[in-house]
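Read through the structure below, which is laid out as structure tokens, and then see the notes.
The values are calculated or read from the model by the stated rules, or taken from the named source; none is laboratory data. A quick note: this is a predicted structure, and the numbers were derived from the prediction, not measured. Neighbour counts run over all protein chains shown; Cβ positions are idealised from the backbone, glycine included. Calculation scope for accessible area: heavy atoms of the full protein, side chains included, ligands and nucleic acids excluded. Shrake-Rupley method; radii C 1.70, N 1.55, O 1.52, S 1.80 Å.
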Amino acid sequence: MTASAPLPGPSLGRLTGVELRKLADTRAGAWLLAGVGLVTAATAVIAAVAARVDDPALVRVLSSALQGAGALLPLIATLGATAEWSKRTATTTFALVPRRERAVAAKAGAVLLLALAALVAALAASAAATALAGGAWTLPAAALGRGALYLGVSALAGFAVGLAAQSTPPAIAVQLLAPIAFVSLATAVPSLADLVHWLDLVTPGTRLARVDHAFSGRDLAQLTTGTALWLALPLAAGVARLRRQDVSA
């Protein structure tokens, strides 16, 4: 008798779909998803009303809506990254998907799809608010690209920090407290203000999200260093930790 060939594992697309559903499975995830929608719509309306006398152009309203969506998106991504440990399902997950890098790739794919959905929601809310305010339908193509990049980087950074921490509370605490610490440091020691902007992802990310303003080469350089520090390094550390970790117990 010949040994039977091992059954093929689930496809990456199927795994990504499962991870996407898991983002809304918990009460916290569902509330945060609802919060993203509400905050995005609220910031779009507020921006349109506030700029009504000046110029409620679509690009200006979208700029505010993107920042509203980006405020909560990283937290949802963190929940997705830490789900196996918060729900104590790591053994089951990695028994079904022995190649742990595929599970990480599926989670990252789900996070990026969520960021794309947030971009669509922000654009829809901005278009509706602009129409109600009677604003101009001015929207350069580059604005959408910047919006997609901002939401994608923000979501993946939250995912990376969660993957490295493997625990929801410290991962979220780091993401909420780090910007406050950077601002406090820059305020207390003005000579370090410029250095802080090269280490912080929030400041260049906010400039990227302001699609009604120019984004300079210096802004791009600061975004690159912030992304390396808050996305690339935690992601590499999280993957390395996961590969070495014994989750059979």
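With respect to (1) under 24 Å from LEU58 (Cβ atoms); (2) buried (at least 17 other Cβ atoms within 10 Å of the Cβ); (3) in contact (Cβ under 8 Å) with a residue 40 or more places away in the chain, the lone exception for TRP230 is condition (1). Between ALA131, ALA193, the distinction of being within 23 Å of THR40 (Cα to Cα) and either open to solvent by 50 Å² or more (accessible area, probe 1.4 Å) or among the aliphatic types (A, V, I, L, M) (or both) belongs to ALA131 only. In the stretch 172-218, the qualifying residues are those that are basic (Lys, Arg) and outside any loop (DSSP other than H, G, I, E, B), and the one that is farthest from GLY70 (Cα to Cα) is ARG218.
Taken as a whole, the structure leaves SER191 outside the set of residues that are modelled with pLDDT of 90 or more and of a type in the set (Gly, Ala, Ser). Screening the stretch 4-21 for residues that are more than 26 Å from the chain's Cα centre (by Cα) and open to solvent by 100 Å² or more (accessible area, probe 1.4 Å) and picking the one that is modelled with the highest pLDDT gives PRO8. If the condition is being hydrophobic (A, V, I, L, M, F, W, C) and within 8 Å of the chain's Cα centre (by Cα), then the stretch 134-159 contributes LEU151, VAL153, ALA155, LEU156, ALA157, PHE159.
Against the numbered list (1) in a helix (DSSP H, G or I); (2) charged (D, E, K, R); (3) more than 23 Å from GLY152 (Cα to Cα), ASP246 comes up short only at (1). Consider ARG241 carefully, then state whether it is open to solvent by 40 Å² or more (accessible area, probe 1.4 Å), more than 26 Å from VAL104 (Cα to Cα) and of a type outside the set (Val, Ile, Thr). So ARG241 fails the test.
Counting only helices (runs of 4 or more DSSP H) that fall entirely inside the stretch 61-171 and contain at least 2 residues that are at pLDDT below 90, the qualifying elements are 83-86, 90-96, 100-133.
Only one entry of ALA165, ALA124 meets the criterion of being open to solvent by 30 Å² or more (accessible area, probe 1.4 Å), more than 26 Å from ASP219 (Cβ to Cβ) and free of Cβ contacts under 8 Å to residues at least 40 places away in the same chain, and that entry is ALA124.
Results for (1) farther than 23 Å from GLY37 by Cβ; (2) touching a helix residue (DSSP H, G or I) at 6+ places or on another chain (Cβ under 6 Å), shown as yes or no for each residue.
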site: THR203; (1), (2): yes, yes
site: ALA209; (1), (2): no, yes
site: THR225; (1), (2): yes, yes
site: ALA232; (1), (2): yes, no
site: GLY238; (1), (2): yes, yes
site: ARG244; (1), (2): yes, no
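As for the stretch 85-97, it holds no residue that is crowded, with 23+ Cβ neighbours inside 10 Å and touching a residue at least 40 places away in the same chain (Cβ under 8 Å).
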